[in-house]
Structure formats: C-alpha cells, structure tokens
1. Hey, could you check region 107-147 for residues that are over 18 Å from residue 41 (Cα atoms) and of a type in the set (A, V, I, L, M) and say which is nearest to the chain's Cα centre (by Cα)?
2. How many of the residues in region 95-109 are open to solvent by 50 Å² or more (accessible area, probe 1.4 Å) and under 15 Å from residue 141 (Cα atoms)?
3. Is it the case that residue 89 is surrounded by 23 or more Cβ atoms within 10 Å (Cβ to Cβ) and farther than 13 Å from residue 39 by Cα?
4. Collect the residues in region 110-138 that are hydrophobic (A, V, I, L, M, F, W, C), surrounded by fewer than 16 Cβ atoms within 10 Å (Cβ to Cβ) and either in contact with a Pro (Cβ under 8 Å, 6 or more places away or on another chain) or farther than 24 Å from residue 84 by Cβ (or both), keeping them in residue-number order.
5. Would you mention how many residues in region 95-123 are part of a strand (DSSP E or B) and of a type in the set (Gly, Ala, Ser)?
6. Considering only residues that are without any contact (Cβ under 8 Å) to a residue 40 or more places away in the chain and of a type in the set (Asp, Glu), look in region 136-160 and name the one that is farthest from residue 101 (Cα to Cα).
7. Considering region 31-48 alone, what residues qualify as being out of contact with any Gly (no Cβ under 8 Å at 6 or more places or on another chain) and either surrounded by 15 or more Cβ atoms within 10 Å (Cβ to Cβ) or within 16 Å of residue 158 (Cα to Cα) (or both)?
8. Mind counting the residues in region 124-160 that are small (Gly, Ala, Ser) and part of a strand (DSSP E or B)?
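The values are calculated or read from the model by the stated rules, or taken from the named source; none is laboratory data. Because the structure is a prediction, the values reported are computed rather than measured. Cβ atoms come from the backbone with ideal geometry, glycine included; neighbour counts cover every protein chain shown. Ligands, DNA and RNA are stripped out before the accessible areas are found, and what is left, the full protein with its side chains, is counted by its heavy atoms. Shrake-Rupley method; radii C 1.70, N 1.55, O 1.52, S 1.80 Å.
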Amino acid sequence: MASPAEGSAIDALSPVSFLDAAFEEARSAAARGETPVGAILVKEGRIIAAAGNRTRELHDPSAHAEALVIRAACAELRSERLPGCDLYVTLEPCTMCAAMISFARIRRLYFSAFDLKGGAVENGVRFFAAPTCHHAPEAYGGIREREAADLLGRFFEARR
C-alpha cells in the first residue's frame with residue numbers, strides 16, 4: 001500500500017473531502033440498522049455514485065457499499081471498467097469488494113479504518129498483492145481511521 005507523502009494526491013484533494021460524503025453514507029447505513037460503511041466513487045472531481053451498506057435491506061450478502069457504488073457508477077458511465085475513477089470508503093474492503101475494485105480497474109482506493117478480521121487490502125489475503133490480481137489500484141489506508149473505528153464500535157456496542 002502506498003503511503004501518502006506531502007504533496008500527494010491526498011493533499012491535492014483535501015479542499016474537497018470526499019470522505020465526508022462517505023461518512024455521511026456510513027451514518028445513514030447505521031440509521032437503517034446496517035453495518036455503518038459508506039463509499040463514494042469519484043471521476044474527474046465529481047461524485048458519480050454514493051452508497052452505504054444495504055445487505056439487510058436488500059437481503060443480499062453482496063450489497064456492500066463498495067459493490068453498490070461500483071455497480072451504480074458502471075451503469076452511470078455505461079461501462080464495466082472505471083479507469084480514472086477513485087473510490088473512497090470508510091472501511092478496508094473485503095475480498096469480494098477488492099476483487100470488484102480490481103476487475104473495475106479503479107485507479108485509486110482511499111479507505112479509513114483497517115479491518116483486521118475481514119479486510120483484504122492490508123489484512124487477510126492482501127488481494128492486490130496476489131500474483132493472480134489483474135489490476136491493483138493505488139491504495140491509501142488509515143485516513144480518518146479513528147473516526148471510522150469509533151462509528152463502527154458504537155454501532156456494534158449498541159447491539160450487544
């Protein structure tokens with residue numbers, strides 16, 4: 001995983017925080033009783049798609065925020081590939097979502113909290129580092145990590 005250096009793409013995007021919109025989607029997911037994960041897909045500085053988890057609502061284990069925004073962006077752009085697009089998500093993607101990110105040819109991935117149990121970028125299978133991975137985006141993790149971890153922690157604590 002790349003680490004953001006001073007003057008990097010992350011710094012260039014700081015005036016417009018796309019993660020704010022992803023966190024808004026995560027909070028909306030929590031309000032619906034879904035695991036609070038939100039995602040935003042951006043192309044040329046414009047949000048193409050936004051979603052929060054909807055696995056319970058749709059009775060669909062694949063309805064993760066990342067999968068939903070990738071599907072919506074592909075429909076919007078009328079393409080199965082999303083080169084030049086960047087994905088912002090509040091939690092490290094799982095293996096299923098990492099595969100979708102790779103197959104969609106997403107340029108950059110920015111995520112907040114690391115997921116020690118289900119993540120597949122820096123944890124678990126480290127999908128993008130696998131020799132069978134067709135495309136690996138630039139990946140930047142840990143951005144606003146504490147905020148995302150707190151949101152997830154409060155959500156699960158309230159359900160215990």
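1. Here the residue is 120.
2. Within region 95-109, residues that are open to solvent by 50 Å² or more (accessible area, probe 1.4 Å) and under 15 Å from residue 141 (Cα atoms) number 1.
3. Spelling it out, it is not the case that residue 89 is surrounded by 23 or more Cβ atoms within 10 Å (Cβ to Cβ) and farther than 13 Å from residue 39 by Cα.
4. 116, 125 - these are the residues of region 110-138 that are hydrophobic (A, V, I, L, M, F, W, C), surrounded by fewer than 16 Cβ atoms within 10 Å (Cβ to Cβ) and either in contact with a Pro (Cβ under 8 Å, 6 or more places away or on another chain) or farther than 24 Å from residue 84 by Cβ (or both).
5. 2
6. Applying the filter and picking the extreme gives 157.
7. 31, 33, 35, 40, 41, 42, 47, 48
8. Looking only at that region, the number is 1.
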